[in-house]
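See structure below.
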Amino acid sequence: MTDSILLPDYQPAPGLLRDKIILVTGAGDGIGKTASLTFAAHGATVILLGRTIAKLEAVYDQIEAAGGAKPAIIPMNFEGATEQDYVEIHNVLEQEFGRLDGLLHNAAELGPRTPIANYGLEAWQKVMTVNVTAPFQLTKAVLPLLKQAPSASVVFTSSGVGRKGHAYWGGYAVSKAASDNLMETLADEMDGLPGPRVNALNPGPVRTRMRATAFPAEDPATVTDAQAVMSAYLYLMGDDSIGVNGKLFDAQATR
């Protein structure tokens, strides 16, 4: 596996993402919500994909209230999605936009924190479906639209436990290792061809609901706010990262 790279401080230009169409999964909460608001603030039209319509509508309203380009909402539960559901996403986006400039794979399922010996098959399959199969299916479905854009970017969400497994991280750790490999495989296939650049970003410890579930005894005040890592997401989505492909990045120094 490729060594990870710590992204230095990056100062995005105003309007960095102007006129770009960017799809964000898990857009209703946590990093996905913050990324959606940030992309919109830098000029993008954001497509908000998630399973809870009320949360997506709240993000939609925030973007509009801030004067951002009118976003779009795609409600979808990856756990129960069929192949045809992904085809329909492609069809809707093709009809409405004709291309896709960016795709952020942010949605994730933590699963139980338990030894492998106690890990239930149903829980394992759910984690794999949401964290590996869904990004595969979604990327495959929208790849023709990404190829229609002049400089498209696909960003997978990585994790430290995907690069080095740790006890009790079970399906989540395994799924993130698979996600990193999926990124590298797709990036290698795209290398030198017309199409998107493909990279992965490990946000590191960020103050989210999932983080609180994984570390219930942790003081949230000691954890980085999502806004603090957004420059890394902007770098990978914006044109300053053109030519960067197949890399694993860290938004924060390992601690």
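Listed values, structure above:
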| read-out | value |
| --- | --- |
| Which listed residue, of 32, 26, 15, is crowded, with 21+ Cβ neighbours inside 10 Å and closer than 17 Å to residue 232 by Cα | 32 |
| Pick from segment 158-188, criterion within 16 Å of the chain's Cα centre (by Cα), within 14 Å of residue 111 (Cα to Cα) and of a type outside the set (Gly, Ala, Ser), ranking: surrounded by the fewest Cβ atoms within 10 Å (Cβ to Cβ) | 172 |
| Residue within segment 35-57 that is surrounded by fewer than 18 Cβ atoms within 10 Å (Cβ to Cβ), in contact with a His (Cβ under 8 Å, 6 or more places away or on another chain) and farther than 21 Å from residue 157 by Cβ present | no |
| Selection from segment 1-53 of residues that are over 25 Å from residue 142 (Cα atoms) and outside any strand (DSSP E or B) | 1, 2, 3, 7, 8, 9, 10, 11, 12, 13, 14 |
| Odd one out for residue 143, checked against (1) modelled with pLDDT of 95 or more; (2) under 27 Å from residue 3 (Cα atoms); (3) touching a helix residue (DSSP H, G or I) at 6+ places or on another chain (Cβ under 8 Å) | (3) |
| Residue 200 being out of contact with any Pro (no Cβ under 6 Å at 6 or more places or on another chain), modelled with pLDDT under 80 and either crowded, with 21+ Cβ neighbours inside 10 Å or over 29 Å from residue 19 (Cα atoms) (or both) | no |
| Residues located in segment 17-33, provided they are touching a helix residue (DSSP H, G or I) at 6+ places or on another chain (Cβ under 6 Å) and either at pLDDT 95 or above or under 18 Å from residue 70 (Cβ atoms) (or both) | 17, 22, 24, 26, 27, 28, 33 |
| Meets criteria (hydrophobic (A, V, I, L, M, F, W, C) and surrounded by 15 or more Cβ atoms within 10 Å (Cβ to Cβ)) for residue 92 | no |
| Residue within segment 108-115 that is in a loop (DSSP other than H, G, I, E, B), buried (at least 18 other Cβ atoms within 10 Å of the Cβ) and modelled with pLDDT of 95 or more present | no |
| Of all residues making up segment 4-46, the number that are free of Cβ contacts under 8 Å to residues at least 60 places away in the same chain, in contact with a strand residue (DSSP E or B) (Cβ under 7 Å, 6 or more places away or on another chain) and among the charged types (D, E, K, R) | 0 |
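The values are calculated or read from the model by the stated rules, or taken from the named source; none is laboratory data. Only a predicted model underlies this, so the values are computations on that prediction, with no experimental measurement involved. Here the Cβ is made from the backbone with ideal geometry for all residues, glycine too, and neighbour counts use every protein chain on show.
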